[in-house]
Amino acid sequence: MLTYIIRRLIGAFAMLVVISMVTFGIFYVVPQWAGATPEAMASRYVGRAATPETVHLVAERLGFYDPVVVQYGNFVKGLFAGAQYDYGAGVEHCPAPCFGYSFITGQPVWPDLLDRLPVTFSLAIGAALIWVVAGVAVGVLSALRRGSFFDRLTMGTALAGVSLPIFFTGMISLVVFSYGLGWTPPGGAWTDFSENPAEWAYNLLLPWITLAFLFAATYARLTRAGMLETMGEDYIRTARAKGLRERQVVVKHGLRATLTPILTLFGIDFGLLIGGAILTETTYTLPGLGQYAILAIRTQDMPQVMGVVLVAAMFVVIASLVVDLLYAVVDPRVRLS
Amino acid sequence: MSFLDVKDLKIHFPTDDGLVKSVDGLSFGVERGKTLGIVGESGSGKSVTSLGILGLHKGGRARLSGEIWLDGEELIGASTEHVRSLRGKKMAMIFQDPLSSMHPYYTVGQQIIEAYRIHNDVSKQVARKHAVDMLGRVGIPEPARRVDSYPHEFSGGMRQRAMIAMALSCDPELLIADEPTTALDVTVQAQILDLMRDLQREFNSALIIITHDLGVVAELSDDILVMYGGKCVEYGSAEDVFYRPEHPYTWGLLGSMPRLDREPTERLLPIKGSPPSLINVPPGCAFHPRCPYAERTGDKATTEVPALAETEGGHLVRCHMSREERRGLWENEIKPVLETQ
Ligand SMILES: Nc1ncnc2c1ncn2[C@@H]1O[C@H](COP(=O)(O)OP(=O)(O)OP(=O)(O)O)[C@@H](O)[C@H]1O
Ligand code: SF4
Ligand SMILES: [Mg+2]
């Protein structure tokens, strides 16, 4: 078990290193290969009006003339130790973890990310809770009542849920529930959890459900299929032969075995959730990482985009690490191998 | 009435292809402390019968009729909840494949503890002690340590022992073992059978052993019931059925008994053909398409279902041939061939 954990930790760390390289490559190396001169890279930091001499100077100070390896080294060093950005006009200090410096807002990226993380986390965790609980519950019930009206209704809805894009379901529910019925606040409403938990939840309700709906549909279908298979297993028959009540047979024996593959999927999905969160945040104009990323892409603010990508990647790696560890707890057969 | 008394049990499954008559009019009985062996090829309805006795077809699409009396109580008409409360306590079952029959995510101990606590209102600690105890009694070494192992950490034979420990944990009065040794290798098979015999003496329960190997039950059983296509074709004391069998199908089973020193293809009297369809059961005697003596009974073999008739002293046979004819065949043609094996 311990070696398994250590192996997974090393794996996760290696993954992060690779991701940082790839990200760095995409945003700094590829443009240079594609023909962007160090001056062109630097010009983003100094504005259009700058003279070629200034641009050259800044490019030098920002290290764009250095070999790629040195640039990467400085980038990593920035993450751990912070960095100084010297524009010639003045020195900006970017404390660790330095994810770079926005050349549009003139601010370090990390504090911005920190500001927006709670929004995205709230959205993601709430939605994840809803989709897992709702998806699994619906899946179990429709498996137990296979062919019933409930089964057909929920599976039909689930099929729609899988195929409808978020901005469509999001828009429709905004129109119906916020503008039409007035049950939920319109888009853009955000209250910090620490300020007012009830309002925090109330504001997030519609985004949660919209985002959860997409995933819940998949989980309901997966749980249903899994339960149908599991309930036909020999050990279910054994559980019944012991005289166990049907409810316990379903939950303790059936669901217990069905949950394992769902947990794996959950790890992947929770990591990928940031993608869904971007769309949801945009639809509901929530001030989260997704919205930040969209803005950053529009203004071509590379350090910001890169910051989001790195944080999102970390999210994926950490989520899958947690799930791998959970997996070992849940499935005793994993612990041996 | 016997402790377990099954009367005219029918278990049919309506399917898209037609009505599957898995069990079609089966009657038998077992007393406490006695063993009944049920023998038949794959698909003859043995498992469906045992699941029927435990009431495990409820909620499925099976249609049951007939009577199942356990200790003076009728079970087919009883409520689902009542039958559930008897399961595991009064009647228990051991399944064929111990690996797939135990939950992969719970330790052997947890599964025995669960079985015990369903019917006994005791703390986990007490149940755990009981589980360790049971594991020791079925011959698992170091039970206090092995109780925390998962089923996949056990060998096949140990798993089946654990399964037996689980089934016996509530001291059932009726124990059904559905092919308890099929998944095991030969030496382990013998150990498990010995263990079952010893435990049965100790617990004085009624035991049903289901198998497709007559040899397995011959030694262990008091009575033997031979099933073919959902029906009983021969039923009697183990002595009668094993040493004086009168049904051609039983002769076939004896002739095709697995033997270590012989390849399956070299068996002396193999049963030709394949088991009958349970939807379109052959008319007349269900065994006639495969029976070497079908012509002897002429048209009757294909038109009239033979009755399960007593030949002598409680020995029942379902065949149109006369008793003398069957005895003659056995003594002069079958037995001499089998003895050369
Ligand atoms: N739920 C069901 N629906 C339809 N047919 C079924 C069902 N359960 C069992 N059967 C059929 O009943 C027949 C008897 O099955 P059963 O499992 O009792 O055979 P068996 O004698 O135990 O064979 P084996 O030695 O292979 O275990 C089989 O042909 C099977 O297809
Ligand atoms: S009735 Fe005829 S066909 Fe059937 S077992 Fe007897 S001899 Fe064979
Ligand atoms: Mg069977």
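Derivation of every value follows stated rules applied to the coordinates shown; laboratory data play no part. Model, not experiment: these values are computed from the prediction. We place every Cβ from the backbone using ideal geometry, glycine too, and count neighbours over all the protein chains shown.
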Charge-dipole axis of region B:90-212 as Lys and Arg at +1 and Asp and Glu at -1 on Cβ define it, positive-most pick from B:THR182, B:HIS130, B:MET196: B:HIS130
Of B:LYS231, B:LYS46, B:LYS272, the one that fluctuates the most in a GNM where chain B has Cα springs shorter than 10 Å: B:LYS272
Calculated [θ] (222 nm, deg cm²/dmol) that DSSP helices of n ≥ 4 give over chain B, each run adding -39,500 (n - 2.57): -9500 deg cm²/dmol
For region B:174-239 versus region A:19-35, the gap between their alpha-carbon centres in whole angstrom: 72
Distance from region B:14-67 to region B:289-341 (C-alpha centre basis), Å: 25
Chain A: DSSP helices with Cα axial extent of at least 18 Å and average Kyte-Doolittle hydropathy no lower than -1.0: A:2-24, A:68-81, A:109-144, A:149-163, A:197-230, A:256-283, A:302-330
Average silhouette area of region B:99-171, convex hull of alpha-carbon atoms, in square nanometres: 4.2
Angle between chain B longest axis and helix B:108-119 axis [Cα atoms, degrees, rounded to 10]: 90
Charge dipole magnitude, Cβ of K and R +1, D and E -1 - the protein assembly as shown, Cα centre, debye nearest 20: 720
Given charges at Cβ of Lys, Arg, Asp, Glu: the protein assembly as shown dipole, positive-most of B:VAL30, A:GLY290, B:LEU54: A:GLY290
Which of B:LYS89, B:LYS124 has the fewest Cβ neighbours within 10 Å, and the rest in rising order: B:LYS124, B:LYS89
Top positive-direction residue, dipole computed over chain A with Cβ charges, set A:TYR219, A:LEU204, A:LEU141: A:LEU141
Per-residue Cβ neighbour rank within 10 angstrom, fewest leading, A:LEU272, A:LEU113: A:LEU272, A:LEU113
Residue-averaged 222 nm ellipticity for chain A, from DSSP H runs of 4+ at -39500 (n - 2.57), nearest 500: -23000 deg cm²/dmol
Scattering curve values for region A:2-94, log₁₀ I(q)/I(0), Debye with Cα scatterers, q = 0.10, 0.15, 0.20 Å⁻¹: -0.35, -0.66, -1.01
Relative contact order (percent, whole number), chain B, Cα cutoff 8 Å, 6+ residue spacing: 19
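Compute, for chain B, the length of the dipole vector about the Cα centre, with Cβ point charges of +1 (Lys, Arg) and -1 (Asp, Glu) only. Units Debye, rounded to 20.
On the way: 38 positive and 48 negative charges, 173 e Å.
The calculation lands at about 820 debye.
Would you mind checking the pairs B:LYS21/B:LYS231; B:LYS10/B:LYS231; B:LYS7/B:LYS231; B:LYS10/B:LYS272 and listing those with alpha carbons more than 18 angstrom apart?
Details: B:LYS21/B:LYS231 9 Å; B:LYS10/B:LYS231 9 Å; B:LYS7/B:LYS231 12 Å; B:LYS10/B:LYS272 27 Å.
Beyond 18 Å: B:LYS10/B:LYS272.
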Exposure rule at most 16 other beta-carbon atoms within 10 Å, DSSP loop trypsin sites (Lys or Arg not before Pro): chain A longest free segment: A:147-244
For region A:108-185 and region B:104-131, distance of Cα centres in Å: 40
Cα-centred dipole magnitude for region B:1-121, charges only on beta-carbon of K, R (+1) and D, E (-1), debye, nearest 20: 140
Ascending count of other beta-carbon atoms within 10 Å, so fewest first, for A:THR37, B:THR303, B:THR250: B:THR303, A:THR37, B:THR250
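Hey, what D do you get for the protein assembly as shown in µm²/s if you plug the Kirkwood alpha-carbon radius into Stokes-Einstein at 25 °C and 0.890 mPa s? Kindly include the intermediate steps, with their values, before the conclusion.
Details: Rh = 30.8 Å.
The estimated diffusion coefficient comes to 80 µm²/s.
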Range of Cα positions in region A:54-164 per principal axis (Å), largest first: 73, 26, 24
Candidates B:HIS320, B:HIS152, B:HIS82, ranked by Gaussian network fluctuation over chain B, Cα under 10 Å, top entry: B:HIS82
Selected from A:PRO97, A:PRO165, A:PRO197 as most flexible by GNM, with chain A as the system and alpha-carbon contacts under 10 Å: A:PRO197
